[in-house]
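To keep things clear, I will list the structure first and then write my remarks on it.
Values quoted throughout were computed directly from the atomic coordinates according to the rules given, and no laboratory measurement underlies them. Since we're looking at a predicted model, the values are computed, not measured. Here the Cβ positions follow ideal geometry from the backbone for every residue, glycine too, while neighbour counts run over all protein chains shown.
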Amino acid sequence: MILVATVSLFALVAALGLVWRMRREITRIKEESLSLAQEKQILVDFMHHMAEALADNPSREVLYQRIVHAAIFCTGALSACIFERMPGDKMRGVAVEGLFPPHRPLPEVGKGKLTTRARFIEQVLKSETFSVHEGLVGRVALTCQGILVADAANHPDVVKHDDPVLAVKSMIVVPLVFGGQFFGVLAVANPADGLPFTETDYSLLQSMAEQAALALHNAEFLHLQLDKRQYDMDLSLASGIQQMLLPNERMTLPGLDIDARYTPAQKVGGDLYDIIVLGEHRIGVVVADVSGKGISASLLMAICRSNIRQIAPRHTSPSEVLAELNRVLSHDIRNGMFVTLLYAVIDTDAMSVTFARAGHELPLLVQRYASVGAPTSRFVSSDGMPVGMVPDELFSTVISDCTEPFRPGDAFVLYTDGITEAPNEDGKEFSGARLADAVSTLQTNSAREINDGLMLAIDRFIGGAPQRDDYTLVTIKRF
């Protein structure tokens, strides 16, 4: 009986011990569940906070400040700082809250009143730079691996400050990384309760850093989208202005049939054409190509057009017009930019075309009655260099006029290099020879029909190849 009672007592004690252990395990699980739930809620609140911030389209500096504030709130730290990597493998503090200890000992000049301490330390953090090979922050920046220092008092990489307010007792340093993009390093120091940071604090800060990096990524993407939208608006405005500068009506002059085409490769281009009425029987025709593309080229094109419209009526010689244009534009054209330009004056009374060529493509002249037999087409030339490329003295000595008969049935075709250099899918160019052949087959048609046929020939030639350069084409037919 005693043996049975003893066994029963041991069984009871074992059972009670098992129940106690089970209750303790249940309590631990409940505490962990509560802790995880709290951690999850903190992250959800932080994500919501960041989403609200992004709705206001904040700067990166504002987001940084919100992140350090949230880091203090989530971990119970006394201070936090974000460090950014700079050119030359340097790190620098960009956002701070609380008395975060600087990466290096404070200079003596800054050890003043406590009321100014926080501002001074913030200035030090944002002004001092250090190598990525230096300290805990540098190590995290290099490896993108977080570090938990529970006891920082004896850690060799933690700076020892004389000021007890800046003494580091415990520290967490984590990277701000999303999708392989490194934004910086987030560090928190010294829990408010005086106890060391725990693995739970470390896990929480790591999770928060991931969400913060996502918010920074989204903010950067949003800014890029807004910049692109603004750029597109600027391009659309520039394109509209450029279209306004082109002749908006079909020009007519007794005895002449004129048709012009302009198709930029981008929203704005660097080509120019213009028709200037010089008298009852005289018109000036301009075709130009500004080096480069985009807004800068379109602005130079607008300046060129404005100046040539003022200069052209003052001269009867096209070469004199271009020489004065070169003098005027030499002050407006930056280094590396220039304008190739052809300016022709057509006189229906004299039945002639006189032109000067500033480095531009040779015009194509089709003469129906130049000789007995079939009409002839040929590229006619005159000397000249691009506007804005050389000083006035050299430009004026090179530029010259060329005069050709321009009788009924003749055609004068002006274009930019985008036409003759249009490549097909094999990389071959349309070429001047193909242009001359196409015009020869179309020379009995109207100016509009000639241009229609030329553009169709180019489209067939290039096939599926994209348009590489601006297309400008002006055809004047004499009747």
Next item on the list: Under 13 Å from the Cβ of F178, count the other residues' Cβ atoms, weight Lys and Arg +1, Asp and Glu -1, and hand me the total.
Entry: -2
Item checked: Derived scalar couplings ³J(HN,Hα) [the stretch 394-407; Karplus, 6.51 cos²θ - 1.76 cosθ + 1.60; whole Hz; x for Gly, Pro] -> 6, 4, 5, 7, 8, 5, 8, 8, 9, 10, 9, x, 9, 9
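Which ordering of K160, K477 is given by a fewest-first count of other beta-carbon atoms within 10 Å? Present the calculation step by step, with values, prior to reporting the outcome.
Working: K160 13, K477 24.
So the residues, fewest neighbours to most, are K160, K477.
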Notebook entry, point to check: Sorted by average packing, counted as other Cβ atoms within 10 angstrom per residue and highest first, what order do 194-205, 345-356 take?
Noted result: 345-356, 194-205
Notebook entry, point to check: Want the number for T198 to E425: 0.36 nm per residue separation, take away the alpha-carbon distance, what's left?
Noted result: 75.3 nm
Checklist line | D_trans [Stokes-Einstein, Kirkwood Rh over alpha-carbon pairs] for the stretch 344-479, 37 °C, 0.692 mPa s, µm² s⁻¹ | finding: 205
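Between E449 and E220, what's the calculated FRET efficiency when r is the beta-carbon distance and R0 is 45 Å? Round to 0.05.
Step by step, r from the Cβ atoms, then E = 0.25.
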Notebook entry, point to check: Using the Cβ atoms and a cut-off under 11 Å, what net charge is assigned to the surroundings of L148, where Lys and Arg are +1 and Asp and Glu are -1?
Noted result: -3
Notebook entry, point to check: Once all Cα-Cα distances of the stretch 244-478 are split into 5 Å bins that start at 0, what whole-number percent is in each one?
Noted result: 1, 7, 15, 19, 21, 17, 12, 6, 2, 0, 0
Checklist line | Extension gain (nm, one decimal) between D89 and T316, 0.36 nm per residue minus Cα-Cα | finding: 75.3 nm
Notebook entry, point to check: How high is the FRET efficiency between Q266 and L394 when r is their beta carbon distance and R₀ equals 30 Å, given to the nearest 0.05?
Noted result: 0.40
Notebook entry, point to check: Using a basic spin-label model with each label point 7 Å from the Cα along Cα→Cβ, how many nm lie between K160 and E61?
Noted result: 3.7
Item checked: Charge tally in the Cβ shell below 14 Å around I399, where Lys, Arg are +1 and Asp, Glu are -1, I399 excluded -> -4
Check: Using alpha-carbon pairs under 8 Å, 6+ residues apart, how would you state the relative contact order of the stretch 247-368 in percent?
Finding: 24
Item checked: Projected label distance in nm at A167 and C144, using a 7 Å step from Cα toward the beta-carbon -> 3.8
